[in-house]
Amino acid sequence: MQIHVHRRDLSWTTSDVDPAGVVLTVLGDLDMAGAPSLRQAVVAEVANGFRLVVLELTGVDFIDSVGLGVVVGALRRLRSHGGDLLVVCAEPRIRGVFELCDLDRVFDLHIDVETALSKRLAA
C-alpha cells in the first residue's frame, strides 16, 4: 500500500520569530513502498521555504525501519536549514515503534496537531 501525503499550510506561523509551517498528513503504511513519497514531500516543502513541518502520523497503519529512517532524515534536513520537525502520533502501536527504537528521546510525540503547535509556540 502506498502512502498519501496531504499538505496543510500554517500561514499563521509566519513571523520573524517562527518560520512558515506546513502540516504533512500521512495515510497508509510508512514502509519501503511508501517512504519515498514522504521523503519527496519533505524535500519539496523545505525547497519551498518552509522551516516548520508537522508530520501527522495519526493515519499511519504500519511503520518499518525505512519509514523511521525517512522521519529521522526529515528532521536532519529541516534542522540543517534552520527548521524543525514536530511529530504527531496518537496510535499506541505506532508510538510503540518509536519507543522501541528510543526515538521518543529524539522526537516529542504529540497527541494532535493543535497540541504540537501550542507547545511549539509556548517554547
In this structure, does ARG105 turn out to be within 13 Å of the chain's Cα centre (by Cα) and more than 21 Å from ASP29 (Cβ to Cβ)? no
Go through segment 101-119 and report how many residues are closer than 19 Å to ARG8 by Cα and out of contact with any helix residue (DSSP H, G or I) (no Cβ under 8 Å at 6 or more places or on another chain). 8
Quickly run through segment 52-71 and pick out the residues that are more than 21 Å from ARG8 (Cα to Cα) and among the aliphatic types (A, V, I, L, M). ILE63, VAL66, LEU68
Report yes if some residue within segment 21-35 is touching a residue at least 60 places away in the same chain (Cβ under 8 Å), among the small types (Gly, Ala, Ser) and in a loop (DSSP other than H, G, I, E, B); otherwise report no. no
Looking at (1) under 15 Å from GLU56 (Cα atoms); (2) in contact (Cβ under 8 Å) with a residue 24 or more places away in the chain, can you tell me which one LEU121 breaks? (1)
Hey, VAL53 of a type in the set (Val, Ile, Thr) and assigned to a strand (DSSP E or B) or not: yes
Close pairs from segment 66-85: first outside any helix (DSSP H, G or I), partner surrounded by fewer than 15 Cβ atoms within 10 Å (Cβ to Cβ), Cβ under 8 Å, at least 6 apart: LEU85/ARG79
Looking at the structure I just gave you, is PHE98 surrounded by 15 or more Cβ atoms within 10 Å (Cβ to Cβ), in a loop (DSSP other than H, G, I, E, B) and either at negative phi or in contact with a helix residue (DSSP H, G or I) (Cβ under 8 Å, 6 or more places away or on another chain) (or both)? no
Count, please, the residues in segment 3-26 that happen to be among the β-branched types (Val, Ile, Thr), at pLDDT below 60 and either surrounded by fewer than 18 Cβ atoms within 10 Å (Cβ to Cβ) or within 14 Å of the chain's Cα centre (by Cα) (or both). 3
For segment 69-83, enumerate the residues that are modelled with pLDDT of 95 or more and either buried (at least 17 other Cβ atoms within 10 Å of the Cβ) or out of contact with any helix residue (DSSP H, G or I) (no Cβ under 8 Å at 6 or more places or on another chain) (or both). VAL70, VAL71, ALA74, LEU75, ARG76, ARG77, LEU78, ARG79, SER80
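The values are calculated or read from the model by the stated rules, or taken from the named source; none is laboratory data. All of these numbers come straight from a predicted model, not from anything done at the bench. Cβ: placed from backbone, ideal geometry, glycine included. Neighbour counts: every protein chain shown.
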